[in-house]
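K.L.:
Dropping a structure here in structure tokens format, bear with me for questions.
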Amino acid sequence: MNAIHASFEGKRVRDAMKSPAVSVRPEDSARHAAEIMIRLRVSGLPVVDAENRPVGVVSETDFRYGDEAERARQRDAWVRYISEGQEMSGAYLEALEREAGQVKRIMASPAICIDEDASLIEAAELLARHRIRRLVAVRDGKVAGVITRASLLRFFAPDRPKARPLPTPDEFEEAIEAAGLPPAPPPADAPHIEGVASAAELKKLVGDFERHKVEMKADVARQAKAKRDEAVKHMLRAKFTNAEMTSLLSQAVEAARNGDASCVALTFPAALCTDGGRTINLPSPDWPASLRGKAADFFLRWEKELKPLGYALSARIATFPDGFPGDAELSLVWGREG
């Protein structure tokens, strides 16, 4: 870690950022943004207002969750809640009624920014903390450039001359002949010692072990995915019951007695969210609109029954298996006095 800090010593964001930054506007079409990203071979763009101030970021992963059919299914789910007597949240309606096909419909907001005079150490820590690929560099509140993880890596791997390729066997023999050296003798058969394995046999054992380890890891991943898929399938149909609400409030009282200002209300697979937990992880103020099933039902009950009593609600991604959102948590928060 000291070596890393030494490499960044005295370096500022402006030394590593890509400037000027190509950007798009919230009203631009998502197709326009995608075409720019393909043409420039970049995976994300800052989204700016009329004064070049950052309002969000659109990246290649955002296009995964821009499916109109999925939004229609989500909308239908909320209509069913109304038909069953649940009141529709105004926040949900506002988020779900955004114009489709525009950058503002799919972008991550707010943009995570850093001043161009900040240190590269601070930039690296910010990228790691938010688990993102890029930061918007700003000067006086306006976009000055973009700094990515790749930008930081260049400080560890500066451009070096390419190594000469190894000669082919024919080129090697030609060089030997041109130097007037005798040709190399043919390789002798490897001796065989009874009961002793050759290096090739040991190498094969290592290869077999590595393949088995990969297969085992893949099998564990498949089982975990099947378990998550089953949990999502169940929670899409489930409701947050009165018994669960009673238990939650009892947990809250016990937590407060122990000096805690919050307690976990519901844990669920991030895949239950329409965007896989992306807006919760940012975090974005629109994260409630991504909830489905039991998580959405709990949100509605919180808004109707608990919010008027002064309880707040927070959301976070609790686990990151293989670097991707795993489980999400909704927590009931009552704060501290003073």
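The values are calculated or read from the model by the stated rules, or taken from the named source; none is laboratory data. Here the structure is a predicted model, which means the values were calculated and not measured. A quick note on method: Cβ atoms are made from the backbone with ideal geometry, for glycine too, and the neighbour counts reach across all protein chains shown. Heads up: the accessible areas ignore ligands, DNA and RNA and are worked out on the full protein's heavy atoms, side chains in. Shrake-Rupley method; radii C 1.70, N 1.55, O 1.52, S 1.80 Å.
K.L.:
Please list, ordered by first then second residue, the pairs with beta carbon atoms under 7 Å, 6 or more apart or interchain, first in the stretch 277-295 and at positive phi, second open to solvent by less than 40 Å² (accessible area, probe 1.4 Å).
P.N.:
Taking only residues 6 or more apart or on different chains, the pairs are GLY277/ALA270; GLY277/ILE317; GLY277/ALA328; GLY293/MET235; GLY293/ALA238; GLY293/LEU272.
One line per residue, one yes/no per condition, for (1) closer than 16 Å to MET17 by Cβ; (2) at pLDDT below 80:
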| residue | (1), (2) |
| --- | --- |
| ALA108 | no, no |
| ILE132 | yes, no |
| ALA150 | yes, no |
| PHE155 | yes, yes |
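K.L.:
Next up: Out of all the residues in the stretch 255-266, is one or more open to solvent by 90 Å² or more (accessible area, probe 1.4 Å), at pLDDT 85 or above and in a helix (DSSP H, G or I)?
P.N.:
yes
K.L.:
Filtering the stretch 45-71 down to residues that are among the basic types (Lys, Arg) and modelled with pLDDT under 70, which residue is most open to solvent (accessible area, probe 1.4 Å)?
P.N.:
Narrowing the stretch 45-71 to residues among the basic types (Lys, Arg): 53, 64, 71.
Of the ones still in play, those that are also modelled with pLDDT under 70 are 64, 71.
Numbers: ARG64: 164, ARG71: 33 Å².
Within the stretch 45-71, the match that is most open to solvent (accessible area, probe 1.4 Å) is ARG64.
K.L.:
Then there's this: Evaluate the stretch 262-276: report whether one residue or more is in contact with a strand residue (DSSP E or B) (Cβ under 7 Å, 6 or more places away or on another chain), over 21 Å from LYS307 (Cβ atoms) and hydrophobic (A, V, I, L, M, F, W, C).
P.N.:
For the stretch 262-276, residues in contact with a strand residue (DSSP E or B) (Cβ under 7 Å, 6 or more places away or on another chain), over 21 Å from LYS307 (Cβ atoms) and hydrophobic (A, V, I, L, M, F, W, C): present.
K.L.:
Could you list all residues from the stretch 20-44 that are open to solvent by 40 Å² or more (accessible area, probe 1.4 Å), more than 17 Å from ARG105 (Cα to Cα) and in contact (Cβ under 8 Å) with a residue 60 or more places away in the chain?
P.N.:
PRO20, the sole residue that qualifies.
K.L.:
Can you name the residue in the stretch 212-245 that is surrounded by fewer than 10 Cβ atoms within 10 Å (Cβ to Cβ) and free of Cβ contacts under 8 Å to residues at least 12 places away in the same chain and is also nearest to ASP297 (Cα to Cα) among such residues?
P.N.:
Taking the stretch 212-245 and keeping what is surrounded by fewer than 10 Cβ atoms within 10 Å (Cβ to Cβ), we get 237, 242-243.
Filter once more, keeping what is free of Cβ contacts under 8 Å to residues at least 12 places away in the same chain: 242-243.
Values: ASN242: 12, ALA243: 14 Å.
Only one residue tops the list, namely ASN242.
K.L.:
Restricting attention to the stretch 276-331, which residues are buried (at least 19 other Cβ atoms within 10 Å of the Cβ), of a type in the set (A, V, I, L, M) and not in a strand (DSSP E or B)?
P.N.:
If the condition is that a residue be buried (at least 19 other Cβ atoms within 10 Å of the Cβ), of a type in the set (A, V, I, L, M) and not in a strand (DSSP E or B), then ILE280, LEU282, ALA289, LEU291, ALA295, ALA296, LEU300, LEU306 are the ones that fit.
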